[in-house]
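The values are calculated or read from the model by the stated rules, or taken from the named source; none is laboratory data. If you're wondering where the values come from, they're calculated on a predicted model, not measured in any experiment. A quick note on method: Cβ atoms are made from the backbone with ideal geometry, for glycine too, and the neighbour counts reach across all protein chains shown.
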Amino acid sequence: MSRIVLAFRCFFSILLRGRLADTAAAALGLSRRAASAGQSAASKAPAAAPAAPTVKTSDGALQILGILQRDARLIDFLMEDITAYSDDQVGAAVRELHGQSRDAIARYVSLQPVIDGVEGTFTQAPSKDPNVVKFIGNVPAKPPSGGILRHKGWRAVKVDLPTLGAKQDAAVLAPAEIEIE
């Protein structure tokens, strides 16, 4: 369940703040690039050529959400009121949604476990960084060196999203559909 929470935290952080939160970036094994002296000097100089379209950090999150809508109709499912449906009907819809969403993510993002161990066994923590390892349960003031692995965690090792077209609005996750009869 924490993978879903992390995905939503990343999405809304990028959507609302325009950048990935430091804690979420660390949980994904990502780090911020430091600006070099050459880059800062170049950024102070006036641009001679017309500027290329700006790509906002939120575009990637919106693009992933658009892909999940296109391939699995995830937004349609999440925005629909499902209280009128039976558990069997919801379960059948989720089974199909799960497979389609999993395939869509696998096509554009390569994931690997943070800890490649067997859940339910004692595991040494690879780091004391709370962005890498989250200790749960009866945790003392000084975190221990290890414990029972309850969730392996996930790290994005490669993200390969298609480039957005120059006139493509990343905020439009799915165009409206009008049928002509």
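Within the range 72-83, which residues are surrounded by 15 or more Cβ atoms within 10 Å (Cβ to Cβ) and not aromatic (Phe, Trp, Tyr)? Give the steps one after another, and end with the answer.
Taking the range 72-83 first, the residues surrounded by 15 or more Cβ atoms within 10 Å (Cβ to Cβ) are 72-75, 77.
Result: 72, 73, 74, 75.
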Task: Selection count where residues are under 23 Å from the mean Cα position of the chain (by Cα) and modelled with pLDDT of 90 or more, scope the range 120-140 - done: 6
Open item on the list: Can you say whether residue 139 is part of a loop (DSSP other than H, G, I, E, B), without any contact (Cβ under 8 Å) to a residue 40 or more places away in the chain and surrounded by 16 or more Cβ atoms within 10 Å (Cβ to Cβ), as far as the supplied structure shows?
Closed with: no
Task: Within the range 89-116, tally of residues that are surrounded by 15 or more Cβ atoms within 10 Å (Cβ to Cβ) and over 22 Å from the mean Cα position of the chain (by Cα) - done: 1
Task: Where residue 155 falls short, out of the listed (1) out of contact with any Pro (no Cβ under 9 Å at 6 or more places or on another chain); (2) not in a loop (DSSP other than H, G, I, E, B) - done: (1)
Task: Output for the range 93-114, where each listed residue is without any contact (Cβ under 8 Å) to a residue 60 or more places away in the chain and not in a helix (DSSP H, G or I) - done: 109, 110, 111, 112, 113
Open item on the list: farther than 23 Å from residue 9 by Cβ and touching a residue at least 60 places away in the same chain (Cβ under 8 Å): is that true of residue 166 in this structure?
Closed with: yes
